[in-house]
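The values are calculated or read from the model by the stated rules, or taken from the named source; none is laboratory data. Remember, it's a predicted structure, so these values are computed and weren't measured experimentally. FYI the Cβ positions are ideal-geometry reconstructions off the backbone, even for glycines, and counts take in every protein chain you see. These accessible areas exclude ligands, DNA and RNA; they are computed on the full protein's heavy atoms, side chains included. Shrake-Rupley method; radii C 1.70, N 1.55, O 1.52, S 1.80 Å.
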Amino acid sequence: MNRYRASTLLREIVMIAVAAVVAFPLYVLVNLSLRAPGDASSIIAPTTSPTLDNYAGAWRQA
């Protein structure tokens, strides 16, 4: 008995799409937070030289 139906596949596709919609802004947020201030590359491209200086600066300003 095969319980895997077309509706199951459709649900999986919808769940993957929702996960991508939620994960993409989180990826952009983390990617931008790890960039150097002078890095002007695309927000989608992963940073080439991640730094934690932005977190230290935010901690000092708070």
Q) If the Cβ limit is 8 Å and pairs must be 6+ apart or interchain, which residue in region 33-55 that is at negative phi and touching a residue at least 60 places away in the same chain (Cβ under 8 Å) pairs with which residue that is among the hydroxyl-bearing types (S, T, Y) and surrounded by 11 or more Cβ atoms within 10 Å (Cβ to Cβ)? A) none
Q. Out of the residues in region 1-28 that are within 14 Å of the chain's Cα centre (by Cα) and not hydrophobic (A, V, I, L, M, F, W, C), which is surrounded by the fewest Cβ atoms within 10 Å (Cβ to Cβ)?
A. P25
Q) Does A56 count as open to solvent by less than 80 Å² (accessible area, probe 1.4 Å), assigned to a helix (DSSP H, G or I) and at pLDDT 95 or above? A) no
